[in-house]
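The values are calculated or read from the model by the stated rules, or taken from the named source; none is laboratory data. All values derive from a computational prediction rather than experimental measurement. Cβ placement follows ideal geometry from the backbone for every residue including glycine, while neighbour counts extend to all protein chains displayed.
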Amino acid sequence: MPLESTLSLIIPVLNQEPRLEDVLREIQAVLAANQPDIVLVYDVTRPDLLDAVRDEQREMEERYGARSVTRTDQRGFGSALRAGFEASRGDVVIPIMGDCSDDIAAIPRMLSAIDRGADVVAGARYIAGGAIIGDDAKQQISRYYSKIIKALSSVSCDDVSNSFRAYRRVVWENVSNVSNSFDISVEMTVKAAARGYRIEQVPAVWTNRAAGQSHFSIMKELPNYGRWVLYAARHAPSRFLLVALPVSLVSLVMLTGWMFGLGRRR
């Protein structure tokens with residue numbers, strides 16, 4: 001039975017994604033009753049790829065009703081989400097990875113939480129019922145990063161870095177964002193918390209990609225993620241900030257050192 005909220009799903013794609021049709025097939029199976037508005041945001045890096053991309057876009061529209069936005073002069077996960085939001089129609093917006101990483105089966109629970117009054121609902125990997133399949137160093141870093149954010153701030157989310165979350169449209173309209181990369185998910189969460197929006201979470205399972213190549217670089221993203229730790233502590237401080245700050249700073253230094261060492265080995 002359809003839930004009350006109308007839904008848009010935003011799926012960024014760099015050139016072409018080998019698992020994209022698998023994702024759309026699962027969306028069709030799980031969310032048929034919701035009739036979601038699906039927006040594919042293609043960042044195309046070379047002119048010679050455009051014909052193949054356009055062929056794929058036509059196929060995805062014919063088979064799954066997906067609409068496409070094509071960008072040839074812009075890059076970045078965050079800017080792709082902004083472009084997708086501008087093209088979207090739903091009063092709830094959920095970014096989804098095109099590589100079968102995200103837990104489509106969790107979306108009905110996310111929408112139920114929205115309908116009960118939540119403004120942002122995170123698909124959380126680090127709570128009871130959540131999990132990671134193919135856990136690697138990036139997820140370990142993400143887990144500790146989320147703990148630091150939660151210790152220093154009033155952000156009530158155990159998984160701040162996962163992009164898989166439902167937003168009321170009004171949150172995207174009222175919370176300005178500047179991130180062009182993957183840290184946009186952290187930015188939106190900490191800024192929404194600072195503005196007093198209600199944040200909830202539901203368990204979700206993350207599956208590391210089995211095909212294609214991840215475009216996430218630990219060393220490249222380090223400064224981007226670091227700024228939101230400071231923002232959260234300043235604009236949405238925890239009542240226990242003075243107690244948590246020394247421990248969190250030590251943890252952040254250790255985490256940075258680990259990330260730097262990991263980045264140099266790769």
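Some values worked out for this structure:
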{"read-out": "Among residues of segment 80-124, those that are over 23 Å from Val13 (Cβ atoms) and either of a type in the set (Lys, Arg) or touching a Phe, Trp or Tyr at 6+ places or on another chain (Cβ under 6 Å) (or both), counted", "value": "4"}
{"read-out": "Top-ranked residue in segment 206-233 [being of a type in the set (Phe, Trp, Tyr) and within 20 Å of Gly123 (Cβ to Cβ); ranked as modelled with the lowest pLDDT]", "value": "Phe216"}
{"read-out": "Of all residues in segment 15-26 being touching a helix residue (DSSP H, G or I) at 6+ places or on another chain (Cβ under 6 Å) and within 16 Å of Phe164 (Cα to Cα), the one that is surrounded by the most Cβ atoms within 10 Å (Cβ to Cβ)", "value": "Leu24"}
{"read-out": "Val69 being surrounded by fewer than 20 Cβ atoms within 10 Å (Cβ to Cβ), touching a Phe, Trp or Tyr at 6+ places or on another chain (Cβ under 9 Å) and either of a type in the set (Val, Ile, Thr) or in a helix (DSSP H, G or I) (or both)", "value": "yes"}
{"read-out": "Unmet criterion (only one of (1) in contact (Cβ under 8 Å) with a residue 40 or more places away in the chain; (2) within 15 Å of the chain's Cα centre (by Cα); (3) closer than 16 Å to Trp228 by Cβ) for Ser142", "value": "(1)"}
{"read-out": "Residues being within 21 Å of Ile107 (Cβ to Cβ) and assigned to a helix (DSSP H, G or I) - total across segment 152-172", "value": "4"}
{"read-out": "In segment 82-118, residue farthest from Tyr42 (Cα to Cα) [restricted to those that are within 15 Å of the chain's Cα centre (by Cα) and assigned to a loop (DSSP other than H, G, I, E, B)]", "value": "Asp103"}
{"read-out": "Those residues of segment 19-59 which are in a helix (DSSP H, G or I), out of contact with any Leu (no Cβ under 9 Å at 6 or more places or on another chain) and of a type in the set (D, E, K, R), in sequence order", "value": "Glu21, Asp22, Arg25, Glu26, Asp48, Asp51, Arg54, Asp55, Arg58, Glu59"}
{"read-out": "Within segment 1-53, tally of residues that are within 21 Å of the chain's Cα centre (by Cα), among the hydroxyl-bearing types (Ser, Thr, Tyr) and over 21 Å from Ala118 (Cα atoms)", "value": "1"}
{"read-out": "Selection count where residues are at pLDDT 90 or above and assigned to a helix (DSSP H, G or I), scope segment 133-148", "value": "1"}
{"read-out": "Qualifying residue in segment 52-59 (condition: surrounded by 14 or more Cβ atoms within 10 Å (Cβ to Cβ), closer than 25 Å to Glu173 by Cα and in contact with a helix residue (DSSP H, G or I) (Cβ under 9 Å, 6 or more places away or on another chain))", "value": "no"}
{"read-out": "Condition check for Tyr145: closer than 23 Å to Glu26 by Cβ and either buried (at least 21 other Cβ atoms within 10 Å of the Cβ) or among the hydrophobic types (A, V, I, L, M, F, W, C) (or both)", "value": "no"}
{"read-out": "Lone unmet requirement of (1) loosely packed, with under 15 Cβ neighbours inside 10 Å; (2) touching a residue at least 60 places away in the same chain (Cβ under 8 Å) for Glu86", "value": "(2)"}
